[in-house]
Amino acid sequence: MDEMIRLTNVRKVYRSSGSGAMVEALRVDRLSILAGERAGIRGRSGSGKTTLLHVISGILTPSGGEVMVNGARLDTLGEPKRDLFRARNVGCIFQFFHLIPYLTAKENVTAAMLFAGGAMSRRMMGERADFLLESVGLGGRLHHMPGQLSGGEQQRVCVARALANDPPILIADEPTANLDPRNKDIILRLLYRANEENRLTLLLATHDRDALSGFTRVIDLDDMSAMEGEAAC
Amino acid sequence: MLMSISFKYITKRLRQYALTTLVAALAISMTIAVTLAADSLKDSVVYASMPFDMIVGAKGSAAQLALNAVFLRDTPVGNVDQAVYERYMNDGRARRIIPLAFGDSYRGSWIVGSSEALFTLRPSEREPEIFQIQEGRFFQDKYELVVGSEAARRLGLAVGDTVKASHGMSDILDEELAASRVHNNHIYTVVGALKPMRRPYDLGMFASIETFWDIHGGGERGVSAFIVTPWDYVGLMSMYQELNTGSEAQGVFPGEVAGDLFGVIGRGEEALRLVSYAVAALGFATVILSLYWSVLNRRKENAIFRALGAGRSTLLRMVVTESAMVMLVSAPLGLLFGHLVSGFIGLYLRRVMAVYVPASFSVQELYILAAYAAIGAVGAALPAASAYRQDVAGLLAGE
Ligand SMILES: Nc1ncnc2c1ncn2[C@@H]1O[C@H](COP(=O)(O)OP(=O)(O)O)[C@@H](O)[C@H]1O
Ligand SMILES: [Mg+2]
């Protein structure tokens, strides 16, 4: 199988604003994730899960090391190219949904399509947004504002938005942390389905062990050796 | 499509944007109104001065003399040296000499004593006389009065009416006070009403200078000032030189003293200009701050757009689009307000001074709009710079 993500000797350090000392937020010696894999990222709070996902999506650049995602060396790419890369290759889902409050569900989905720079017509974008929202069970909520939707519904809009540009990679950072068990289940099922049907590479970070029960591969940031061991397979 | 996001953002915060737009429009209109008013004031002074090539009067304030002769304003100057007047009357160096006598008024309107030559006064030899009879005739005998169109309108005078003049020029409309200064024995009869000239003389009333000599009596045949129309420019300059190097009288080009003519108004205009600049600066600052604030306000939304793959240039485009939308609405609105306000100022000047203020478009308006666009661009660049420093990961971490 093709390798979708490969990290080599990646480190992210921050200078502490108080003492000025260097703090290591992330250290990954080797990590390889194959196309279509469903990988969970586990670790206590502050273990670097979010930092890792941001490095993979190009929101953050590593302090050192190589980041190869879908054939692109993100650590050497300039910011504008990383932005475009992210728009086209990575769909992101967050704990706090992060929908644009003044746009409807449908507009939130089409907005994501604008940044990928594709040649889609306005009508095609609209139709794709309708299709995606219907597929997450929100066919009847197309024109609702985020504030008019429940938490579970908002996160479903986010799943549709993340799939807007048909990216090869789906990144979810604590997507179920703010949801009740029923909605948690719904969201996980939607993510599994995207992973199975579209052969999307799914990366899900959570500190919740239960949420990772459906994952074939779990990367534990608390336990570096485990991670290295997994990467070998 | 990006524009539609900006548009939705604006409609969502319509009240804030309406306010910003209004403030911007106000800033534009203030600057434009003051500029237009100042310009048209100067234009109208020059226009009003045109028929008066040179005014000759007693030594003293040139501005006062010009204000007297052209605008029928200010305190009348003392009489000009009679010998000078007679010399110019007789030596043929001027095409026309028109005597002027000031000192009497009727309910705020100046009564000007002059000769029949007054009715030949014209802006240039190619143009018709500015005095045109609407009704009745010009004065011939003593105590016959010809009234300007504005004076007639305001005082409700018509041919056949009689008028008791008062001595002094105060704009007193108080009947009792005015009555105390009335030359009781001297009653004028209105024999003619003038067509509107669109000049300050519309506010005046005109009688023969013999009437003045009769009233003020004592055999004194004084003249307050006289208008000189030259044969040519060289002649005019030589007369001007001669008068102003001599000690008997002064010659004044009213068009030239137009600058200090409105000494007070000029200073007022300067102050108004400063105020308008201050208001404009405040307005512009408000616009910039409002745009800046609106970006600060949605740092989070911008971070989300970044996470979705929007580049900084895309965010910049969205901000610029917004300020462009604000400008697109406020610029024409400001132009409209500005012209309305300057129109009202013009109307006011016309009513009070009978100076004709032509409605105009000034090139300076383009400068003002250009400056405004530049400031709008800065207003857009500031928040863009703030978006540039944005910590996307940090903002995404929060709720
Ligand atoms: N901007 C930053 N400045 C300083 N330290 C940071 C910054 N962002 C993250 N960190 C630190 O990096 C570590 C990893 O953070 P994060 O990746 O958010 O962990 P997780 O998502 O697993 O909770 C934490 O100790 C956090 O305090
Ligand atoms: Mg985290």
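The values are calculated or read from the model by the stated rules, or taken from the named source; none is laboratory data. Just so you know, these numbers come straight off a predicted model, no measurement behind them. Backbone-built Cβ (ideal geometry, glycine too); neighbour counts: all protein chains shown. Protein only, heavy atoms only, side chains kept; ligands, DNA and RNA dropped before computing areas. Shrake-Rupley method; radii C 1.70, N 1.55, O 1.52, S 1.80 Å.
General observations
- The mean sequence distance of close C-alpha pairs (under 8 Å, at least 6 residues apart), as a share of the length of chain B, puts its relative contact order at 29 percent.
- Total lysine pairs whose alpha carbons fall under 30 Å of each other in chain B (8 or more apart, or interchain): 8
- Most fluctuating residue given options A:SER17, A:SER135, A:SER150, as computed from a GNM of chain A linking Cα atoms under 10 Å: A:SER17
- Helical contribution to [θ] at 222 nm, DSSP H n ≥ 4, -39,500 (n - 2.57), averaged over chain B, rounded to 500: -18500 deg cm²/dmol
- Summed buried accessible area for B+A [probe radius 1.4 Å, Å², rounded to 100]: 2400
- Accessible area per residue, Å², the protein assembly as shown with all protein chains present, probe 1.4 Å: 44
- Helix axis angle, B:263-297 relative to chain B longest principal axis, alpha carbon, degrees: 10
- Dipole size of chain A about its Cα centre, with +1 on Lys/Arg Cβ and -1 on Asp/Glu Cβ: approximately 440 debye, rounded to the nearest 20.
- Options B:VAL295, B:VAL257, B:THR229, ranked by Cα towards positive dipole end of chain B, top entry (Cβ charges): B:VAL295
- Mean sequence separation of contacting Cα pairs (under 8 Å, at least six apart), scaled by the length of region B:1-152, corresponds to a relative contact order of 12 percent.
- Database remark: amide H of A:MET4 closer than 5 angstrom to the amide H of A:ILE33, A:LEU34, A:ALA35 (H placed geometrically; neighbours at sequence offset of 5 or more, or on other chains; Pro and chain starts carry no H).
- About the Cα centre, charge dipole magnitude for region B:54-252 (Lys/Arg +1, Asp/Glu -1 at Cβ), debye: 380
- Computed from phi, the 3J(HN,Hα) profile of region B:186-203 under the Karplus parametrisation 6.51, -1.76, 1.60 (θ = phi - 60°) reads 10, 10, 8, 10, 6, 10, x, 10, 8, 6, x, 9, 6, 9, x, 5, 4, 7 Hz, with x in place of Gly and Pro.
- Heavy-atom accessible area ranking, 1.4 Å probe, most first, across B:GLU144, B:GLU220: B:GLU220, B:GLU144
- Taking a point 7 Å out from the Cα of B:THR189 in the direction of its Cβ, the residues of region B:130-156 whose backbone N falls within less than 16 Å of it are B:136-147.
- Each residue of region B:335-342 was assigned a 3J(HN,Hα) from its phi angle through the Karplus curve 6.51 cos²θ - 1.76 cosθ + 1.60 (θ = phi - 60°); the sequence is 4, 4, 4, x, 5, 4, 4, 5 Hz, with glycine and proline shown as x.
- Taking amide hydrogens as placed 1.01 Å from N in the peptide plane, the amide H of A:LEU26 sits under 5 Å from those of A:LYS12, each at least 5 positions away in sequence or on another chain.
- Chain B: angle of helix B:14-49 to the longest principal axis, Cα-based, in degrees nearest 10: 20
- For chain A, averaging the sequence separation of C-alpha pairs within contact (under 8 Å, six or more residues apart) and dividing by the residue count gives a relative contact order of 28 percent.
- Here's how it looks for B:TYR143: its modeled amide H is under 5 Å from those of B:SER208, B:THR211, which are all 5 or more places away or on a different chain.
- Each residue was assigned an accessible area with a 1.4 Å probe, and for B:GLU150 the value is about 40 Å².
- Three-way shape label, region B:80-140, alpha-carbon gyration tensor, a/c 1.5: oblate
- Here region A:93-203 is assigned +1 on the Cβ of each Lys and Arg and -1 on the Cβ of each Asp and Glu. Its dipole about the Cα centre then comes out at about 180 debye.
- Cα pair count fraction exceeding 22 Å, expressed as % - region B:1-139: 60
- Within a Gaussian network of chain B (alpha carbon springs, distance under 10 Å), most fluctuating of B:ARG137, B:ARG298, B:ARG73: B:ARG298
- Extent along the principal axes, Cα only, for chain A: 49, 44, 38 Å, with the longest axis given first.
- Between A:GLU134 and B:SER313, the modelled label-to-label distance comes to 3.7 nm, taking each label 7 Å out from Cα in the direction of the beta carbon.
- For chain B, the longest principal axis of the C-alpha atoms and the axis of helix B:2-12 are separated by about 70°.
- Simple spin-label estimate for B:VAL234 and A:GLU24 gives 10.1 nm between the two label positions (7 Å along the Cα-to-Cβ direction from each Cα).
- For region B:54-252, the average shadow cast by the Cα convex hull is 10.9 nm², which is a quarter of the hull's surface.
- Pairs of Cα atoms farther than 46 Å apart, the protein assembly as shown, %: 48
- Of the residues making up region A:39-86, those losing 40 Å² or more of accessible area when the isolated chain is joined by the remaining protein chains, with a 1.4 Å probe, are A:ILE59, A:GLU79, A:ASP83, A:ARG86.
- Farthest towards the positive end of the charge dipole of chain B, among the residues B:ALA370, B:PRO76, B:SER44, is the Cα of B:ALA370, using unit charges on the Cβ of Lys, Arg, Asp and Glu.
- The ratio of the alpha-carbon radius of gyration of chain B to the globular-protein estimate 2.2 N^0.38 Å is 1.41.
- Shape of region B:60-173, Cα gyration tensor, a/c cut at 1.5: oblate
- 10 Å Cβ neighbours from other chains, averaged over peptide A:112-120: 4
- Chain B: most fluctuating residue of B:THR314, B:THR229, B:THR35 per GNM, C-alpha cutoff 10 Å: B:THR314
- Point-to-point label distance, A:SER16-B:LEU289, nm (Cα→Cβ direction, 7 Å offset): 3.9
- Minimum 50 Å² accessible area buried by the other protein chains, region B:279-310 residues, probe 1.4 Å, relative to alone: B:GLU301, B:ILE304, B:PHE305, B:ARG306, B:ALA307, B:LEU308, B:GLY309
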